[in-house]
Amino acid sequence: MSDAGYNVFTGAGPGIMEATSKGAYEGKSKSIGLNIDLPREQYTNPYLDEVITFEYFFSRKVMLVKNASACVCFPGGYGTADELMEVLTLLQTQKMKPIPLILYGSSFWKPLLLWFETLVDKGYVNREHLELIKVVDSSDETVSIVKESICL
């Protein structure tokens, strides 16, 4: 994606955020970190061309998705779940342009997907909304979905 010139926005932290930032930083695109000001500061990774620090999660989430061409979620904690649900809700209610919502790592996401099926079975959400989510297990699958959706 970096070779195609697409900028990468992450939460600016360690782990997969750092790996993603490094790929962009060492490639042809910009790596932008959207950090959050917390009582317990998170580590800001060194592979960022630009860092923007937010006081509130809601404003940070707006900036994460505002101009997104795709959203890829990797296994994570409460913050990841919050961001995933925000994007899913915005897509479901058509409050943002349609983009691929990709969950990386099927075994990790399986319990959540089963819960989504329960929501459908109980009539809380429509089955068609499950189609907003793509589940992948490789970077090649991820790149293929993103390229197809943004016509690279």
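One table, with the values for the structure above:
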| quantity | calculated |
| --- | --- |
| Meets criteria (farther than 18 Å from Val136 by Cα, surrounded by fewer than 18 Cβ atoms within 10 Å (Cβ to Cβ) and out of contact with any Asp or Glu (no Cβ under 7 Å at 6 or more places or on another chain)) for Asp37 | no |
| Residues satisfying the stated conditions in the stretch 1-17, i.e. over 16 Å from Ser139 (Cβ atoms), surrounded by 14 or more Cβ atoms within 10 Å (Cβ to Cβ) and not hydrophobic (A, V, I, L, M, F, W, C) | Asn7, Gly11, Gly13 |
| In the stretch 110-152, residue nearest to Ala68 (Cα to Cα) [restricted to those that are touching a helix residue (DSSP H, G or I) at 6+ places or on another chain (Cβ under 8 Å) and β-branched (Val, Ile, Thr)] | Ile133 |
| Failed condition for Thr53, given (1) over 27 Å from Phe108 (Cα atoms); (2) part of a loop (DSSP other than H, G, I, E, B); (3) among the β-branched types (Val, Ile, Thr) | (2) |
| Residues of the stretch 90-113 that turn out to be closer than 23 Å to Phe57 by Cα and exposed (fewer than 11 other Cβ atoms within 10 Å of the Cβ), as a count | 4 |
| Members of the stretch 18-41 that are in contact with a strand residue (DSSP E or B) (Cβ under 7 Å, 6 or more places away or on another chain) and under 18 Å from Ser59 (Cβ atoms) | Ile32, Gly33, Leu34, Asn35, Ile36, Asp37 |
| Filter result for Gly27 (within 23 Å of Asp3 (Cβ to Cβ), touching a residue at least 12 places away in the same chain (Cβ under 8 Å), outside any loop (DSSP other than H, G, I, E, B) and not assigned by TED's automatic domain parsing to the domain that holds Glu128) | no |
| Residues within the stretch 52-103 that are hydroxyl-bearing (Ser, Thr, Tyr) and under 13 Å from the mean Cα position of the chain (by Cα), tallied | 2 |
| Residues located in the stretch 73-89, provided they are surrounded by 14 or more Cβ atoms within 10 Å (Cβ to Cβ) and either under 16 Å from Ser106 (Cβ atoms) or not assigned by TED's automatic domain parsing to the domain that holds Leu112 (or both) | Cys73, Phe74, Gly76, Thr80, Leu84 |
| Any pair with Cβ under 7 angstrom, 6 or more apart, that starts in the stretch 54-72 at a residue that is polar (S, T, N, Q) and ends at one that is at pLDDT 95 or above | Ser69/Ile99 |
| Residues located in the stretch 114-140, provided they are modelled with pLDDT of 95 or more, loosely packed, with under 14 Cβ neighbours inside 10 Å and assigned to a helix (DSSP H, G or I) | Leu114, Trp115, Glu117, Thr118, Asp121, Arg127, Glu128, Glu131 |
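The rows are residues; the columns are (1) more than 22 Å from Gly5 (Cβ to Cβ); (2) basic (Lys, Arg); (3) in a loop (DSSP other than H, G, I, E, B).
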| site | (1), (2), (3) |
| --- | --- |
| Tyr47 | no, no, yes |
| Leu90 | yes, no, no |
| Gln94 | yes, no, yes |
| Trp109 | yes, no, no |
| Thr142 | no, no, no |
| Glu148 | no, no, no |
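The values are calculated or read from the model by the stated rules, or taken from the named source; none is laboratory data. Fair warning: this is a prediction, and the values are worked out from it, not measured in the lab. Counting neighbours? That spans all protein chains shown, and the Cβs are built from the backbone with ideal geometry, glycine included.
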